[in-house]
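The values are calculated or read from the model by the stated rules, or taken from the named source; none is laboratory data. Quick caveat: nothing in here was measured; it's all calculated off a predicted structure. In this analysis, Cβ positions are derived from the backbone assuming ideal geometry, glycine residues included, and neighbour counts consider all displayed protein chains.
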Amino acid sequence: MRLAVVGTGYVGLVAGTCLADCGNNVICVDVDEVKIAALRKGEIPIYEPGLKELVHRNQEEGRLVFSTDLPGAVEDSDIIFIAVGTPPAEDGSADLKHVLGVAAEIGQVVKSRKLVVIKSTVPPGTALKVKETLRGAGGEECAVISNPEFMKEGAAVDDFARPDRVVIGGSEDWAINIMKDLYEPYVRTGNPILVMDNTSAEMTKYASNAMLAARISLMNEIANLCDRTGADVNLVREGIGLDQRIGNHFLFPGVGYGGSCFPKDVQALARTGRDHGYAMSILDAVEEVNNRQKRVLFDKVAEYYNNDLKGKKIGVWGLAFKPKTDDMREAPAVVLIKLLLEAGCSVSAYDPEAMTTAKNLFGDQINYSEGNYEACEKAHALLVVTEWNEFRRPDFERIKASMARPVIFDGRNLYDPDRLREMEITYVSIGRPEVHPS
């Protein structure tokens, strides 16, 4: 098939590349001339495992091209995916100006029947607005399909190639049949293609992210209560995870969620509720708990040092909001580092992939270590914020010898408290009893 994907962020670039890798001819379009020039050279603006190799292969084989020419891409394609950003507005709602702007440009160009697919995460009712925008600009014959993405950063390529389900929202049979044909190669193992109306498809995306965010915040609340009662959240997590009604996914406590999806989607769904006269009280609480959780590690450090942090050197392991990405949008590490700097600390940080992103955010306010052990040197505390694999089995003897004071604050519960006790390292984690050398 001949496809155009408008927007080359995480969603558009991964989707366009994966669609090309299945034999389709894909034009990825963006208004950013610098980004398109870099992509044409094979320079990938994001870190996503496996993506670089796929982009290069499909470029070389002529199935994937990058362009700033939206009218040309529309004319040369039968299906146009809209995959531009929907950032939060000041009131928390999703800002649809980019989505509707692209729809207007498409409507001005189309001269025959086209299929317009909304891949961007948008609130319920957006497809109707896109249809009205297309028709107002001259695209009366265009069908609009809602096709939300369910890709996890760090596993986006695999999620697209082997989806749990494909959601298609629409009303025109011819358009739905084309979408089924397009996705058929990805569901050969039997995972379903779900067909529904546009509004239900849009709601499905928001509901999925809201449900997962709620589990994270509730588990963090339970962990915080474990801290105060002396319970061990790891044992609690195992005990409730074996209940088949609950399951064991997204039950790991930590320092809060971040990234490009959960924070803005929770806000947008809560705002959609208010716009329709319904208060989404649980979602308001989910966001409040998450914002509070992002400072929990700082509060533990401040308590340990009796609120006297001025002049303390703090090592930070992990800057991205999750492993296998360089994305620091809404990352807990950002909140944590800002609090440490405000308290008068010096910060030495390391992340396997997010160092360039961090430099763009913090400039020369923090020190950037060349490796995780360098971040520990002469540190008064080590804070583990992101659960990268290379942080899971460190050399504790080396850490202890290099630190000014051997104390670890583990925001991801990676380590065995008994082992740290034997090594006489102070160890503070989330929802588990603290370890202090005798």
In the range 263-279, the residues that are part of a helix (DSSP H, G or I) and either on the phi > 0 side of the Ramachandran plot or touching a residue at least 60 places away in the same chain (Cβ under 8 Å) (or both): Pro263, Lys264, Asp265, Gln267, Ala268, Leu269, Ala270, Arg271, Thr272, Asp275
In the range 170-189, is there at least one residue being at pLDDT 95 or above, buried (at least 21 other Cβ atoms within 10 Å of the Cβ), part of a helix (DSSP H, G or I) and not hydrophobic (A, V, I, L, M, F, W, C)? no
State all residues of the range 13-47 that are under 21 Å from Thr121 (Cβ atoms), buried (at least 19 other Cβ atoms within 10 Å of the Cβ) and either touching a Lys or Arg at 6+ places or on another chain (Cβ under 7 Å) or in the same structural domain as Ala354 (by TED's automatic domain parsing) (or both); if no residue qualifies, say none. Ala15, Val26
Pick out the one residue from Val117, Val99, Val109, Val130 that is crowded, with 22+ Cβ neighbours inside 10 Å, over 23 Å from Asp173 (Cα atoms), touching a residue at least 24 places away in the same chain (Cβ under 8 Å) and not polar (S, T, N, Q). Val99
Can you go through Leu297, Leu283, Leu339, Leu309 and tell me which one is in a loop (DSSP other than H, G, I, E, B) and modelled with pLDDT of 95 or more? Leu309
Of (1) at pLDDT 95 or above; (2) crowded, with 17+ Cβ neighbours inside 10 Å; (3) within 26 Å of Glu184 (Cα to Cα), Tyr10 satisfies every one except (1)
Candidates Val289, Val236 - the one that is under 20 Å from the mean Cα position of the chain (by Cα) and among the aliphatic types (A, V, I, L, M): Val289
Every residue from the range 39-83 that is of a type outside the set (A, V, I, L, M, F, W, C) and under 24 Å from Ala104 (Cβ atoms): Ser67, Thr68, Asp69, Pro71, Gly72, Glu75, Asp76, Ser77, Asp78
Residues that are closer than 30 Å to Asp173 by Cα, more than 22 Å from the chain's Cα centre (by Cα), among the aliphatic types (A, V, I, L, M) and buried (at least 22 other Cβ atoms within 10 Å of the Cβ): does the range 48-67 have at least one? yes
Out of Asn198, Asn224, sole residue that is out of contact with any strand residue (DSSP E or B) (no Cβ under 8 Å at 6 or more places or on another chain) and of a type in the set (S, T, N, Q): Asn224
Might you let me know whether the range 154-161 holds any residue that is of a type outside the set (D, E, K, R) and within 29 Å of Arg274 (Cβ to Cβ)? no
Out of the residues in the range 378-406 meeting the condition of being surrounded by fewer than 20 Cβ atoms within 10 Å (Cβ to Cβ) and closer than 18 Å to Pro352 by Cα, tell me which one is nearest to the chain's Cα centre (by Cα). Glu387
Checked Ala358, Ala379, Ala401 against criteria (outside any helix (DSSP H, G or I), modelled with pLDDT of 95 or more and either over 20 Å from Ala320 (Cβ atoms) or of a type in the set (A, V, I, L, M, F, W, C) (or both)); the one match is Ala379
From Gly154, Gly85, Gly136, Gly101, residue being small (Gly, Ala, Ser), outside any loop (DSSP other than H, G, I, E, B) and closer than 30 Å to Tyr47 by Cβ: Gly101
Can you find a residue in the range 65-86 that is more than 23 Å from Lys129 (Cβ to Cβ) and among the hydrophobic types (A, V, I, L, M, F, W, C)? yes
What number goes with the only condition from (1) over 22 Å from Val384 (Cα atoms); (2) out of contact with any Cys (no Cβ under 9 Å at 6 or more places or on another chain); (3) in a helix (DSSP H, G or I) that Arg228 does not pass? (1)
Anything in the range 55-82 that is farther than 19 Å from Ala143 by Cα and either assigned by TED's automatic domain parsing to the domain that holds Gly258 or part of a loop (DSSP other than H, G, I, E, B) (or both)? List them, or say none. Glu61, Gly62, Arg63, Thr68, Asp69
Assess whether Asn224 counts as being surrounded by 16 or more Cβ atoms within 10 Å (Cβ to Cβ), closer than 25 Å to Leu283 by Cβ, among the polar types (S, T, N, Q) and modelled with pLDDT of 95 or more. yes
